[in-house]
Every structure is written in structure tokens, then in C-alpha cells.
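**Student:** My questions will all concern the structure given below.
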Number of protein chains: 4
Amino acid sequence: MSTVTSAVAEAARDLVLELRREVAALHAELPRNELVVWTAGNVSARVPGHDLLVIKPSGVRYEDLTPESMVVTDFEGTLVEGDRSPSSDTAAHGYVYAHLPEVGGVVHTHSTYATAWAARGEEIPCVLTMMADEFGGPIPVGPFAIIGDDSIGRGIVATLQGSRSRAVLMQNHGPFTVGASARAAVKAAVLCEEVARTVHVSRQLGEPLPIDQAHVDALYDRYQNAYGQR
Amino acid sequence: MSTVTSAVAEAARDLVLELRREVAALHAELPRNELVVWTAGNVSARVPGHDLLVIKPSGVRYEDLTPESMVVTDFEGTLVEGDRSPSSDTAAHGYVYAHLPEVGGVVHTHSTYATAWAARGEEIPCVLTMMADEFGGPIPVGPFAIIGDDSIGRGIVATLQGSRSRAVLMQNHGPFTVGASARAAVKAAVLCEEVARTVHVSRQLGEPLPIDQAHVDALYDRYQNAYGQR
Amino acid sequence: MSTVTSAVAEAARDLVLELRREVAALHAELPRNELVVWTAGNVSARVPGHDLLVIKPSGVRYEDLTPESMVVTDFEGTLVEGDRSPSSDTAAHGYVYAHLPEVGGVVHTHSTYATAWAARGEEIPCVLTMMADEFGGPIPVGPFAIIGDDSIGRGIVATLQGSRSRAVLMQNHGPFTVGASARAAVKAAVLCEEVARTVHVSRQLGEPLPIDQAHVDALYDRYQNAYGQR
Amino acid sequence: MSTVTSAVAEAARDLVLELRREVAALHAELPRNELVVWTAGNVSARVPGHDLLVIKPSGVRYEDLTPESMVVTDFEGTLVEGDRSPSSDTAAHGYVYAHLPEVGGVVHTHSTYATAWAARGEEIPCVLTMMADEFGGPIPVGPFAIIGDDSIGRGIVATLQGSRSRAVLMQNHGPFTVGASARAAVKAAVLCEEVARTVHVSRQLGEPLPIDQAHVDALYDRYQNAYGQR
């Protein structure tokens, strides 16, 4: 492994250290926002300029995560730096980075309401202005796929390429979200669960009112371009 | 901006400082009462005697808010004091202050159950004594409106003027609440979500029993006039 | 008020001080167990050997409650000791103490699921062993009644006298629970909401299976007589 | 009792002390993961090499539990070491250890969603990859049984012996989970409630899609053999 380790350029050292801190800290948002129980969720970040990613080790609880315990892998999920096995979802994260160059962060959870839609294989209709803002339309469903080859990664990428959404509900499994950074992907995971819950609750007592496509487009455009601090 | 800033009278300085503290502190009630995720909600206060309001900056997370980071704007949402862009909902808050002189505070959230009623465009019927106490009747729905002109503000004001309710559910969007103070508006936001949830849960298994209008009136009158410490 | 205050016998001083501490501390259980929002719930304790009770002041938030801020009233709700107005529910608590001598504590909340059953005027059927243990059968519904005379108190007492349950759901209003002590009444309030939620959830997807009356009786008898530390 | 106590071999002393610490600490996971209210749940651990178990005392609140307050009993639930009465569920735990030698830990709760399925006497179908991973199929229902003889223990064992699941929903009562260790049984209790909730939510708006048995088998095999740190 030492030759692989030495392949991590000296110039990338500080960057990787910073990403280890960021990714470790962002994992705390998952239980804090009630997106996960036990160890069932993970955050990763692309190492810019390298075919590498920083991700959670497998089967470790959130309160035990530290910057040092994070692991670095290539896009096939092979360990490059770190003492522990990478998350069993690492190959799916790597496939996304390899095929979607604009993505800097990936999050996977089994958050309750998003996973409930995924279990029915049903997309979440865009009936909330918050949803138009963040996702630009419905949150789509990806195919059923199991761990073992690159079928999860392929399913995520194919579904996201056909949608403005930063979230995809993998059938019977749970949501994956992406963003320009790991922090943006965590935000998308939080909002994905919130809109999944709100639309679910709304549909329990009737049919939510649709939003005109022109309004969805206007909301999405404004939020992506004008919201927040410049 | 210095000329605008100098327009904030010396006598109003201490008042604005106090309102910055109050509004910053009240924002902590939003996540604490589970009314918001990420940055999706805001509280404002009128600066008494001035056509000014104090509000949250745009896109900043609740745990990063301080009295100093709050911003002061006029009722059109133009920045008067502060380093950051005001919340993108500022113009809607300002419209309310400009047209409802008894209002001293405004709150906007996307709280789950209130937003679920809003997505169906359905008012919340008054079937709880707690609801008669605080809202004096049903919580009404306002029109669909998107950011960009004063249509959100007009929708809020027109709906509240036809109701005793301090809360309005803007269609497909979420609740806005008002009060004599920012604190009273936050209380209305908390109770709006609670009655939205309770009536939702009740309706899931049947039809809640109506309360006679005479009883609603008696409860509202007593609560508005006799409740709490004198 | 000094003559009334002096009527609180010297021997009762220490007892009242201890009850002030206990009742203040027990109020923290209400938000902790998610039974209340804002100020909407209260706990009281009988002062043994006196026609007096210790209760929360009106409209004060839970985090601001101290032993000193608690108030002492007679069973009509007239203030005997304390600087603040008693809870607006005090007369209902007092009526219970006056008519049910075995009761040492009373709790009132608007907890979500119990109130949802109350809004439909529907008793909670006894389909959980935990419910048989604690309540000995269904949790009954009391009549619609509003503040202003003793109709709430009468409704609580009449309903509890016809039931083994320590909880009653006042129609369109919310649960009142009783116990041998204030702590036991708080426990009943916590379990009332938990069984209200669990039976609600169970009924959402079908009909819960009934428990034979003989089993309900056996569970109730064992739990009341054998559970916990002797 | 001293002769029984002396039967706890000197060599087992340290082991029992360690298990007291572990079982006391694991009880904190029950309220933390919202599996219990008040005192309604318990964790036990087998004392390896001895027909003994460590369990929570009866009727004590979670925040008052310490390693010292845990009790040691034999498999019939007779107290061997400790000052307090053992949990009223001790005989059920003991029956499981006596009949399932691979089990090192047992957990019992009345967690809301699992208990809601139990109240209908309905197994949870395996429609989530997380469920295939952890439980290898549906979570089965055990018979109605009440405390007083060994019928609860027999019902648990008979149901688990016919299933790959580490969880059983005792009818009208609640879930029992098992694991190689007390920690593994707690994890199963957390995941049992999470899948009970997610499948419930999914079924509220339609029918979840089934997962092919071959995929369930593949997921279960991988997770049991390859997941986590080696």
C-alpha cells in the first residue's frame, strides 16, 4: 500500500486533511437531522484534481468518527489511505464521481420517508415551493440494484442525468444525494427527507395541488442563482 | 449606504440593538420546536416608530446567527444596516408591517404539518379548544404566489384581514404567522404547527367533532383577555 | 392575603416547600416527553391533610419555572400563596382533589395523539398489554366542557368514577390524568400519549386484535400489585 | 442467598462486573433511540459459561441506572446478586438463554411502530434492503402470552427458531430482539423499530414492491459475513 500512498501527491496532503475534517464533521448532521439510525448512512467528498474520495469507514458509529478514522479510496473503492475498511457503499460513491464531474459530494441514507417512497418505487411529485427551489421538479426513483457490482452506481448516475434533481430514491433501498460539495449533498439529503415527509403527510388526507411547470422553473432558477450570501 | 444608516435616528439605536438580540434569540425557537430544517425559516420584528424591520440574513444556519449578523431593512426589503443580504422573504415581511399596523412580529416557516395542509390548499378546521383559544377559528389558506413581486405579502395581508387567525397557510408554500411582538408571532408559529399536526392525526381515523361557534367565541375571548400573568 | 397565608399551618410549611420542588421538577418531564408545546400543560399536587394544592402559574414557560414560582391555591382555585396567577386550569384540578380523595396528583396536557382521539370523541380501545397494565381497560372520553364554571372538573370526575383508567380524554380538548402522587399522574400522562400513538398507528393499517377481558384483568391486577420495587 | 452468591465463581467476578457496566450503558440507547418511555424496556446479557444473566432492576428509570444497580439472576429469574427485584420480564429473557445457546443478549421494548404491527398480529414484510441485510426476511409475530408462566419465553423461542430474524413481535405486546451480544441485540431493536416505521409509512399510501427471495438471500449473506470491520 505504501506505493499507492506515495501516489497521493504532497500537494494534496493538506487538502485531504481538510476533507477528512469536513467529512467527519458532516456525518454529525445525519443523526442530528434524524436521517439515520445506528451506522446506516454515509457522506463522501471528492478530492479535487485526483481520482480519490474521502469516506466513512464501514460499521463505525457516528459518535466514534474522527478525521483520522476517515478513509481515502480510489473510485473503485480500493483503500488508498486509512486503517479501516471503507463503507460498503464506497463503490457507488466512486461511480458517481467518475461519471458526474460536477459532483463534489455524495450522501447516502435510509431516511424514513424518502425510503418509504423508494419502497413503493414512486417518485415524489413537486407540490411544494421548497421542492421546486431545491430539486427543480419531482425526486425520481432509480432501479432496484444490489451491492456486488457497479449496478447501484450506474442506477444513480442514469437517473440523475435525466433530472434536475440532486436526489434519487433507489428502489427498496433509500436516497442518494449529490452536490457541488459534501456540505451541499448533506443539505440535499436533509431537504429530500423533509419534502418526502411533507408530501407524504399531505397525501394522507387528499391530493396536493400541482404547481405549474412555469412556476417550478422560475422558483428553481431564482433559488439556484440568487439565494443565500454572494 | 452611510446616508441611509444615518437616517436611523440616534434614539432608535438602543431599540435596534435590543431587537437584534431578541430576533437572534427567537430564531433558536424554530429548530428547537422542530419547525424548520437547515435555513428554511425566519423571524422578524418591526422597529417601533420607524418604517424598518430586523430580520435574519439569507442562507445562514441557525447556529451561526448572532445579534450582529441580523440585518435591518426598510419595508421594501432594502438593506439599511448590516453586512449581509436580508432573507429572501424580507419583502413579504415588510408588506405585512406596512399594511397591518398592529403587527409587531412576523414568522415564516415550512413546518411539516402546516405545509401539508397548505399543499392541499385546505384550511385547518377549528376542532380543538387550543385552536379556538389562540386562533379564534379555522386557520385559513392564502393564494399561491411566488417570490419576485409583492404577491406573497398581498396574499398574507388579504387573508389575515378576513380572519381572526394569526396564521395563514400560503398555498404549496407554508405558514406565515403574526403577533403583537416577534415573540407572539413565534408562539403562533409553534401552535399553528401543533394544531395542524393534531387535527391531521385526528382526521386520519375519522372526522373530528365540530365545536359550536358560540363556544369558539367564548374560548377566544377568554384567552385573549384573561390568560397569562397581568 | 396574610390571614389566608397564616392559615397554612406551620407544620405544613416544609411539606409545601417539598411539594413546590417536586411539582416544579415534574413540569420538566412534560416537554422532555414531548407532551406539550409552549406553556400548554400543567402538573399539580395535593397538599396532604389540607384542602390545598400546588400548581404551575399561568402562562409561564417551562424553562422559567422554579420552586418559588409555583403557587398554592384552595380547591376553588383561589390563590393562597405565591406572587402569580395560578394556571387557568386550577379549578379543574381542585375539583378533582375535592371529589376523589385517593388522588394526590393531577396532570393536564394537549399531547398530540391523545388529543386527536379526544377531537373525535373516541375512547382508546385496550389492545396493548402496556395499556392493560397501566389503565386496566380503554381510556374513556369525557364531555365537551369549557372553562368558566366547574363543568370540566365535573366531567373529569364523572368519567374517572366509571372507569379503572387514570386518564380521561376531554372531548375536543385533551387528556387529564391522575395518580396517587404527582409523579404517578405524570407517568400516566406519558403512558396515555404512548398508547394513544401506538393504537393510532396500529389502526392506520387495519384493526388491532382485541385482548380478552380476563387477560386485561390479570395484567392490571399483577401490574398494580407486583410491579416495581417494594 | 450467600451460598448462591458464592456459586458465582471467582473467575466470573470480573466478567460480571464488566457485563454490569455494559448492560447499564446499553440501556441509555433505548431512550436515545426513542424505543421506550418511562421504564418500559430492558436489556440483558448472558454471563458466558454460567447459567446466569445480567438485567435491569424492575421499575427503575433509565437515568437512575448504574452498573451497581443491575441485578444478576439465574435462567428462572431468581435473584443471585443485587439489591433490587429483577425486571418483571426476566423469566422471558432467561428462557431464551436456556433454549438458544447462540444468543448472548436479549432486548425487550414497546417501541411504537413495532408494537403497532404486533397489535394487529401482522408480520412486517421484507421490502427494504436494510431489512434483508439485518433480518434476512420478514419480522415474524409470536403468540399472545401473558406474564406468570414461561409462555412468553416459549413463544419467543418457537418463533425465532422458525425464522432468520433476530426480532419477534409478541402479539399485542411488543418486540423482543436477540443477538450474539447485548450490543447486537440493541442494534436489532433499533433496526426493528426503524424498518417497522419505514414499512408502515410506505404502506400508508400504497403497496411496497416485494424484493425477490434470491436478492434477500444475497443481501443477508453479504451483510452477515462481510459488513463492518474485520
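**Student:** Which one of these is within 14 Å of chain B (Cβ to nearest Cβ), closer than 25 Å to residue D:63 by Cα and of a type in the set (Asp, Glu): C:29, C:63, C:18, C:22?
**Tutor:** That would be C:63, the only listed residue that is within 14 Å of chain B (Cβ to nearest Cβ), closer than 25 Å to residue D:63 by Cα and of a type in the set (Asp, Glu).
**Student:** If you check residue B:30 against the conditions, is it surrounded by 13 or more Cβ atoms within 10 Å (Cβ to Cβ), at pLDDT 90 or above and in contact with an Asp or Glu (Cβ under 7 Å, 6 or more places away or on another chain)? Quick ask: steps written out before the conclusion?
**Tutor:** On the way: surrounded by 13 or more Cβ atoms within 10 Å (Cβ to Cβ): yes; at pLDDT 90 or above: yes; in contact with an Asp or Glu (Cβ under 7 Å, 6 or more places away or on another chain): no.
Taking the combined requirement at face value, the residue does not satisfy it.
**Student:** Which condition from (1) out of contact with any Lys or Arg (no Cβ under 9 Å at 6 or more places or on another chain); (2) more than 20 Å from residue C:190 (Cβ to Cβ); (3) modelled with pLDDT of 95 or more is the one that residue D:1 breaks?
**Tutor:** Residue D:1 satisfies all of (1) out of contact with any Lys or Arg (no Cβ under 9 Å at 6 or more places or on another chain); (2) more than 20 Å from residue C:190 (Cβ to Cβ); (3) modelled with pLDDT of 95 or more except (3).
**Student:** Right, here's the next one. Taking the range C:34-93 as the region of interest, how many residues are aromatic (Phe, Trp, Tyr) and within 16 Å of the chain's Cα centre (by Cα)? Break it down stepwise before answering.
**Tutor:** Our first condition is that a residue be aromatic (Phe, Trp, Tyr); within the range C:34-93, this holds for C:38, C:62, C:75.
Those still in the list that are within 16 Å of the chain's Cα centre (by Cα) too: C:75.
So the count comes out to 1.
Every residue, every condition in (1) over 15 Å from residue A:172 (Cβ atoms); (2) within 10 Å of another protein chain (Cβ to nearest Cβ); (3) within 18 Å of the chain's Cα centre (by Cα); (4) surrounded by 19 or more Cβ atoms within 10 Å (Cβ to Cβ), yes or no:
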{"residue": "D:162", "(1), (2), (3), (4)": "yes, no, yes, no"}
{"residue": "D:166", "(1), (2), (3), (4)": "yes, no, yes, yes"}
{"residue": "D:171", "(1), (2), (3), (4)": "yes, yes, yes, yes"}
{"residue": "D:185", "(1), (2), (3), (4)": "yes, no, yes, yes"}
{"residue": "D:206", "(1), (2), (3), (4)": "no, yes, no, no"}
{"residue": "D:211", "(1), (2), (3), (4)": "no, yes, no, yes"}
{"residue": "D:215", "(1), (2), (3), (4)": "no, yes, no, no"}
{"residue": "D:220", "(1), (2), (3), (4)": "no, no, no, yes"}
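**Student:** With respect to residue A:16, is the statement that it is at negative phi, in contact (Cβ under 8 Å) with a residue 60 or more places away in the chain and under 17 Å from the mean Cα position of the chain (by Cα) true? Outline the logic, then answer.
**Tutor:** Working: at negative phi: yes; in contact (Cβ under 8 Å) with a residue 60 or more places away in the chain: yes; under 17 Å from the mean Cα position of the chain (by Cα): no.
The answer is no for residue A:16.
**Student:** Next question. Identify all residues within the range B:113-126 that are outside any helix (DSSP H, G or I) and either out of contact with any helix residue (DSSP H, G or I) (no Cβ under 7 Å at 6 or more places or on another chain) or open to solvent by 10 Å² or more (accessible area, probe 1.4 Å) (or both); write none if there are none. Walk me through how you get there before you give the answer.
**Tutor:** Looking only at the range B:113-126, we keep the residues that are outside any helix (DSSP H, G or I), and these are B:121-126.
Hits for the range B:113-126 are B:121, B:122, B:123, B:125, B:126.
**Student:** Then there is this: Quick check on residue B:91: is it in contact with an Asp or Glu (Cβ under 7 Å, 6 or more places away or on another chain), small (Gly, Ala, Ser) and over 30 Å from residue A:200 (Cβ atoms)?
**Tutor:** Values: in contact with an Asp or Glu (Cβ under 7 Å, 6 or more places away or on another chain): yes; small (Gly, Ala, Ser): yes; over 30 Å from residue A:200 (Cβ atoms): yes.
It is true that residue B:91 is in contact with an Asp or Glu (Cβ under 7 Å, 6 or more places away or on another chain), small (Gly, Ala, Ser) and over 30 Å from residue A:200 (Cβ atoms).
**Student:** Same structure, new question: Restricting to helices (runs of 4 or more DSSP H) lying wholly in the range A:138-230: which have 1 or more residues that are closer than 30 Å to residue B:202 by Cα? Please lay out each step first, then the result.
**Tutor:** Details: elements: A:151-161, A:182-204, A:213-226.
Correct list: A:182-204.
**Student:** Another question, if that's okay. So, in the range B:91-105, exactly how many residues are within 23 Å of residue B:14 (Cβ to Cβ) and not in a strand (DSSP E or B)? Even if it seems obvious, please write down each step before you answer.
**Tutor:** Keep residues of the range B:91-105 that are within 23 Å of residue B:14 (Cβ to Cβ), which gives B:93-94, B:97, B:101, B:103-105.
From what is left, the residues that are not in a strand (DSSP E or B) are B:93-94, B:97, B:101, B:103-104.
Residues that pass the stated criteria total 6.
**Student:** Given (1) open to solvent by 40 Å² or more (accessible area, probe 1.4 Å); (2) free of Cβ contacts under 8 Å to residues at least 40 places away in the same chain; (3) of a type in the set (A, V, I, L, M, F, W, C), identify the lone condition not met by residue D:145.
**Tutor:** Of (1) open to solvent by 40 Å² or more (accessible area, probe 1.4 Å); (2) free of Cβ contacts under 8 Å to residues at least 40 places away in the same chain; (3) of a type in the set (A, V, I, L, M, F, W, C), only one is false for residue D:145: (1).
**Student:** Also, I was wondering about something else. Working carefully through the options C:110, C:200, find the one that is open to solvent by 10 Å² or more (accessible area, probe 1.4 Å), in contact (Cβ under 8 Å) with a residue 40 or more places away in the chain and within 10 Å of chain B (Cβ to nearest Cβ). Please lay out each step first, then the result.
**Tutor:** Working: C:200 fails: open to solvent by 10 Å² or more (accessible area, probe 1.4 Å).
After ruling out the rest, the residue left standing is C:110.
**Student:** Which of the following residues is surrounded by 15 or more Cβ atoms within 10 Å (Cβ to Cβ) and at pLDDT below 95: B:35, B:53, B:15? Reasoning before the result, please.
**Tutor:** Details: B:35 fails: at pLDDT below 95; B:53 fails: at pLDDT below 95.
None of the other options fit; the residue is B:15.
**Student:** Out of (1) surrounded by fewer than 21 Cβ atoms within 10 Å (Cβ to Cβ); (2) of a type in the set (Lys, Arg); (3) at pLDDT 95 or above, the odd one out for residue C:61 is which?
**Tutor:** Status for residue C:61: all satisfied but (3).
**Student:** So in the range D:90-105, with the set limited to residues that are open to solvent by less than 20 Å² (accessible area, probe 1.4 Å) and in contact with a helix residue (DSSP H, G or I) (Cβ under 9 Å, 6 or more places away or on another chain), which one is nearest to residue D:48 (Cα to Cα)?
**Tutor:** Within the range D:90-105, the subset open to solvent by less than 20 Å² (accessible area, probe 1.4 Å) is D:90, D:92-94, D:96-97, D:100, D:103-105.
Adding the requirement that they be in contact with a helix residue (DSSP H, G or I) (Cβ under 9 Å, 6 or more places away or on another chain) leaves D:92-94, D:96, D:100, D:103-105.
On the way: D:92: 18, D:93: 15, D:94: 13, D:96: 14, D:100: 13, D:103: 10, D:104: 8, D:105: 11 Å.
Checked the range D:90-105; the qualifying residue nearest to residue D:48 (Cα to Cα) is D:104.
**Student:** Tell me yes or no: at least one residue of the range D:75-88 is assigned to a strand (DSSP E or B), open to solvent by 40 Å² or more (accessible area, probe 1.4 Å) and at negative phi. Steps first, answer last, please.
**Tutor:** Looking only at the range D:75-88, we keep the residues that are assigned to a strand (DSSP E or B), and these are D:79-81, D:86.
Those still in the list that are open to solvent by 40 Å² or more (accessible area, probe 1.4 Å) too: D:79.
Remaining after also requiring at negative phi: D:79.
Yes.
**Student:** Given C:119, C:114, C:98, which one is touching a Phe, Trp or Tyr at 6+ places or on another chain (Cβ under 9 Å) and within 26 Å of residue C:141 (Cβ to Cβ)?
**Tutor:** On the way: C:119 fails: touching a Phe, Trp or Tyr at 6+ places or on another chain (Cβ under 9 Å); C:114 fails: touching a Phe, Trp or Tyr at 6+ places or on another chain (Cβ under 9 Å).
Going through C:119, C:114, C:98 in turn, the sole match is C:98.
The values are calculated or read from the model by the stated rules, or taken from the named source; none is laboratory data. Everything numeric in this text was worked out from a predicted model, so none of it was measured. Cβ sites come from the backbone with ideal geometry, for glycine too, and all protein chains shown count toward neighbours. Quick note on the areas: whole protein, heavy atoms, side chains included, nothing else; ligands and nucleic acids left out. Shrake-Rupley method; radii C 1.70, N 1.55, O 1.52, S 1.80 Å.
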